[in-house]
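Chemist: Have a look at this one.
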Amino acid sequence: MTATHVPPTEVAINDAPEAPVARPRVLMVGTAFAVAAMLMSFAALIGIYLTERSAAIYSGTAWIPDGVVIPLNQPNVMLFALLSSSVTIQWAVDAARRDDRQQAYLALGLTVVFGLGVINMGAYLYTVMGLDMAVASLTPVLIYTITGAHLFALAGAVVFTGLMAFRALGGQYTSRQYDGLSAAALFWHAQVIVFVTIWYAIYITK
Amino acid sequence: MAITETSTTTDASVAAEPAASPSGFVEPSGLGAVLGSGDHKTVGRLYIGFSLAFGVVAFALAGLSDLQGIGDGGTILGLNSAFPVFTLGQLSLVLLFAIPLLLGLATAIVPLQVGANTVAFPRAAAGAFWTWLVSAGALISAYAIDGAIGSGANEESQQLAFLALIGLALALVVGSVCVVTTVVALRTGGMALDRVPFFSWSMLVAGGLWVMTLGVFAANVLLVLIAVKYGTDNKYAAAFNQWPQLAWLVTPPAVFTFAIPALGIAADAVTTFTGARQPRRGAVLFAIAAFGALSFGAYVQPFFNIGAQHQWIVVGQSALLVLPLLLLLGGLGAAMKAGKPKLASPPILGLVALLLLLLATLLAIPFGIQSLQLEAPADSLIATNQALREAASATPPYLWGVLGLAASALTVAGAAGVYLWAPKLVGRRLGDGLGKLLVLILGAGALLTSVPLVVLGFAPKASGLADSADALFGAAAAGAAVMAVGAFVIVAPMVAGRLAVIAGGRTDEPDAWGSGQTLEWLAGSPPATGNFGTLAPVASPEPLLDLADGGDA
């Protein structure tokens, strides 16, 4: 019988415990399902909006009540702000992946500012479009429900992103683990998708 | 190699002596440990206990609703109470009973089945339970102070009812997200998705569909709430339109979405008691997934899309829904043929649940066929009965029968789950004789509460049936009462057994039935905090059979 020489490093590698199973990240998976629920909620509301609008137009009734003007300036600004915020939050994820913490903080800060700006602009839009809930029409109920729910969800996204930003400031996210930032980005992108749909279905087509 | 590499202790030993963490923090015990617990077994037990208690109430309300059909409808409840009892009964069956019962079983059992030490987001799961419970209380309170949906005179109470419904939907969404995330992201090593136990697989399918369905329902409720609170003279806020906007949740096909876990429970219960590996595992997994895909019905909303339930795609979907159930029954038959099935209560309850569900899906098919005129009760029935006229305006008696049957099937499936996994939920098995008695109680109650209403649905086509309406409504009410008793018979021994175990009574072995195949039967009865030690990778869907065969699990 002959002894075989095994280098010490190889022994160590062979004796090392098995690598943990690669599983999808918990927070990302949970956020993805929550996003699915949220998207379905908006799909239902926007579906109802389009159905009612179509029925009104088919029957020859004006969909937007007389005297109401829904301007495009604010929705357009909100759209571009949200599209920009999609870029900045992805920038934050990429910066965390590269361990560039300064850029991550900057990008997260910009994202939150964009979000707060959109909420502010949305509230201002309510004051200028003069759509009165006291009008006996389905239009104000649907428009305020859909856009209000979106602003509420966006506020949730701002809080989520802000929380992840604080965690990043605490040094929790590095190139090895940036699950929270990716989850916040996923939730944020979903808000942008919802707004793009609202922008076209409500503000553009009216 | 053993499948676990560290030992576990039982709940009883943990409870006997409050544990101190290295930081000196003393774990709460007694009621504090229940109210503040993020442990998935505790949260699951709470869901199951409260949902079964609500189940007693829900079936009692359904029975009272059936009594409205007798005479002029105001004899028992009075006309003012009839419609609130009807809507609360229907909502309770789904949102306070069926979904939380199955979600509770899943919260307690799924992490054990997939070899996880906890449910994903344990604090969110606990928060979801308490939100559900508070919202359930708010809904019942709102109804008690004249805030019923569609008929409440007190606007603020009614708004509370809508807020409670949104709270219920969101809580159940969060609870579902925790369970499905556990299946996707916390499975132990070696457990590929096709090795996941049947109940966990069914919860993955169900949870994914529940979050979407309940998301749509929450949107519907929000729209009505905004219309009622802020709107002026619009159709969404009108009292007679409120219930029709929400009724789709308790009618086919959406109601079958909530039945998906019943398939998983039945498959696990039957397979466990055969002692053999499931020879048609792929077919069973496919059947559960196909049933889920075909049961999605959040898009079938007749209020917004008149006649939606008669569209060919919906009728076809209802018809196809039968096929996965037949495939599943075939798979379970193959397992019984391959092994030596034992006649214990869990597999019998599981099979009865599947048969009831099969009957419910079969009965849902004719409803879509417009020429049968099942969507409205016979004129002679509602001419002198205002209560029935109001209740049937959005949900005709035929569908009360289908919902009753589906809810009964879920009750039987829930009983199968509770009896099968009692060693994990309670710490020891419940009496098998009582379980077999439950088969009779629940089976009889299910048929009695549904078949008379289904028969009555044909009254517009068969005029003689209307003459027997009082007897048929009375029989359905009696069936609902039997189901209420059945729900009580499920929860009472469970609570008694748990209290006995906490008081130091006997507990079972980890593999309490002696024929366990999946990982939950490796954990203690009841499982310790943290469930398992470190698990070795599993090599098949039945790791305990691998161990018994002498191989690596």
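Chemist: Cα axis of helix B:198-230 to longest principal axis of chain B: angle in degrees, 0 to 90, nearest 10?
Modeler: With rounding to tens, the tilt is 40 degrees.
Chemist: Given a cut-off of under 8 Å on Cα pairs at least six residues apart, what relative contact order in percent is computed for the stretch A:72-206?
Modeler: Averaging sequence separation for qualifying contacts and normalising by length gives 36 percent for the stretch A:72-206.
Chemist: Now a separate question. Give me the extension gain from residue B:462 to residue B:383: residue separation times 0.36 nm, minus the current Cα-Cα distance, reported in nm with one decimal.
Modeler: 26.8 nm
Chemist: Further, regarding this structure: Between the stretch B:225-261 and the stretch B:339-376, what's the alpha-carbon centroid distance in Å?
Modeler: Using only Cα atoms to place each centre, the spacing works out to 26 Å.
Chemist: Hey, if you drop one equal point scatterer on each alpha-carbon of the stretch B:122-189 and run the Debye formula without solvent, what base-10 log of I(q)/I(0) do you get at q = 0.18, 0.19 Å⁻¹?
Modeler: Values returned for q = 0.18, 0.19 Å⁻¹ are -0.65, -0.69.
Chemist: Taking one equal scatterer on every alpha-carbon of the stretch A:72-206, how large is log10 of I(q)/I(0) by Debye at q = 0.10, 0.15, 0.17 1/Å?
Modeler: Values returned for q = 0.10, 0.15, 0.17 Å⁻¹ are -0.36, -0.69, -0.83.
Chemist: For the pair residue B:312 and residue B:470, what calculated FRET efficiency results from E = 1/(1 + (r/R0)^6), where r is the Cβ-Cβ distance and R0 = 45 Å, to the nearest 0.05?
Modeler: FRET efficiency, residue B:470 to residue B:312: 0.75.
Chemist: Please work out the ratio of the alpha-carbon Rg of the stretch B:197-279 to 2.2 N^0.38 Å and round it to two decimals.
Modeler: Rg over 2.2 N^0.38 Å, computed on Cα atoms: 1.62.
Chemist: Which ordering of A:98, B:195, A:176, B:277 is given by a fewest-first count of other beta-carbon atoms within 10 Å?
Modeler: A:176, A:98, B:277, B:195
Chemist: Right, another one. What FRET efficiency would be calculated for the residue pair residue B:539, residue B:342, taking the C-beta separation as r and a Förster radius of 30 Å, to the nearest 0.05?
Modeler: 0.70
Chemist: For the stretch B:86-203, what class follows from the C-alpha gyration tensor (a ≥ b ≥ c being the square roots of its eigenvalues): rounded when a/c is under 1.5, otherwise prolate if a/b is larger than b/c, else oblate?
Modeler: prolate
Chemist: Still on this model: Angle, helix B:469-502 long axis vs. longest principal axis of chain B, Cα atoms, 0 to 90°, nearest 10?
Modeler: For B:469-502 against chain B, the angle is about 20 degrees.
Chemist: Another question, then. On C-alpha positions alone, give me the angle between the axis of helix B:345-367 and the longest principal axis of chain B, in degrees, nearest 10.
Modeler: 30
Chemist: Which distance in nm do the two modelled labels at residue B:444 and residue A:120 give, with both placed 7 Å along the Cα-to-Cβ direction?
Modeler: 7.1
Chemist: Computed over the Cα atoms of chain B, what is the convex hull's projected area averaged over all directions, in nm²?
Modeler: Averaged projected hull area, Cα only: 24.5 nm².
Chemist: Compute the FRET efficiency between residue B:144 and residue B:495 as 1/(1 + (r/R0)^6), taking r as their Cβ-Cβ distance and R0 = 22 Å, and round to the nearest 0.05.
Modeler: Calculated value: 0.30.
Chemist: Taking Cα pairs under 8 Å and at least six residues apart, what relative contact order does chain B come out at, in percent?
Modeler: 21
Chemist: Follow-up. Any idea what the relative contact order of the stretch A:124-194 is, in percent, if you count C-alpha pairs under 8 Å spaced at least 6 apart?
Modeler: After rounding, I find 29 percent.
Chemist: I need the shape label for the stretch B:314-365. Rule: rounded when a/c is under 1.5, else prolate if a/b > b/c, else oblate, with a, b, c from the alpha carbon gyration tensor.
Modeler: oblate
Chemist: Can you return the lysines within cross-link range of residue B:436? Criterion is Cα-Cα under 28 Å, with same-chain partners fewer than 8 residues away left out.
Modeler: B:41, B:337, B:340, B:342, B:424
Chemist: Give the span of the protein assembly as shown's Cα atoms along each principal axis, as three whole-Å numbers ordered largest to smallest.
Modeler: For the protein assembly as shown, the Cα extents along the three principal axes come out at 97, 68, 48 Å.
Each value in this text was obtained by applying a stated rule to the coordinates, not by laboratory testing. Since the model is a prediction, treat every value here as computed from it, not as a measurement. Glycine also receives a Cβ, built like all others from the backbone with ideal geometry; neighbour counts cover every protein chain displayed.
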